[in-house]
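Reading through the structure tokens given below for one structure.
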């Protein structure tokens with residue numbers, strides 16, 4: 001089946017620093033990728049839709065200057081958490097939609113971010 | 001905005017018992033998926049249902065989709081510790097943006 005990877009799998013950083021998370025589709029092309037955030041013991045909340053070659057679309061309440069998204073190729077999207085603070089600590093999950101036209105999204109394994 | 005409510009929120013049962021998890025939507029589903037997520041991992045797709053009244057079986061898991069396509073249930077027979085995880089229902093909402101339910105956290109004790 002289709003595989004989506006995320007890097008790093010976990011990261012610890014100091015408050016005020018920026019952290020970049022990569023999401024890659026390994027065996028298919030993804031014109032659209034999605035970024036989710038999941039707090040402990042809660043469900044997934046969509047943050048933004050990442051479109052290859054164009055600006056990302058952010059959900060209501062998500063600061064686009066805080067969470068920078070770049071989708072420079074059909075297999076890579078990056079999420080940068082700028083000036084991270086402890087409240088940004090969370091589990092970040094990406095998913096990728098196969099450009100072949102199917103509606104199925106394939107989820108990455110997630111990245112756990114801890115901001116001290 | 002569509003809301004997906006799952007019940008129960010938490011469930012702790014003994015190995016071998018049966019259980020049912022429910023997912024109710026505030027509006028008609030476009031396409032309903034059920035996922036299982038283990039701690040520290042991404043969600044894994046279990047099943048997709050599209051047609052009202054549809055029933056699908058996956059080994060010990062039985063998925064039912066309501067006739068009106070606004071509710072669904074997941075029944076697990078003879079639960080095993082390996083079934084432990086967070087169960088999530090989701091709707092594509094017709095725009096490729098998935099909306100996830102509130103989740104049911106299941107723990108199966110050996």
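We did not get these values from a lab; they are worked out from the coordinates using the rules stated. Note that the structure is a prediction, hence the values are computed from the model and not measured. Cβ atoms come from the backbone with ideal geometry, glycine included; neighbour counts cover every protein chain shown.
Brief remarks follow.
- Taking (1) more than 12 Å from chain A (Cβ to nearest Cβ); (2) within 15 Å of the chain's Cα centre (by Cα); (3) in a loop (DSSP other than H, G, I, E, B) in turn, residue B:34 satisfies each apart from (3).
- Listing of strands (runs of 3 or more DSSP E) fully contained in the stretch B:58-110 that carry 3 or more residues being away from chain A (no Cβ under 14 Å) and over 13 Å from residue B:36 (Cα atoms): B:61-65, B:71-76
- In summary, residue B:69 fulfils each of the numbered conditions (1) exposed (fewer than 12 other Cβ atoms within 10 Å of the Cβ); (2) in contact with a strand residue (DSSP E or B) (Cβ under 9 Å, 6 or more places away or on another chain) with the single exception of condition (1).
Table: residues versus (1) under 10 Å from the mean Cα position of the chain (by Cα); (2) surrounded by fewer than 21 Cβ atoms within 10 Å (Cβ to Cβ); (3) within 13 Å of chain B (Cβ to nearest Cβ).
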position	(1), (2), (3)
A:65	no, yes, no
A:92	yes, no, yes
A:108	yes, no, yes
A:112	no, yes, yes
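- In the set (1) in a strand (DSSP E or B); (2) more than 26 Å from residue B:38 (Cβ to Cβ); (3) within 14 Å of chain B (Cβ to nearest Cβ), residue A:80 fails one condition alone, (3).
- Of the strands (runs of 3 or more DSSP E) lying entirely inside the stretch A:4-49, those containing at least 1 residues that are more than 13 Å from chain B (Cβ to nearest Cβ) are A:4-7, A:10-13, A:19-25.
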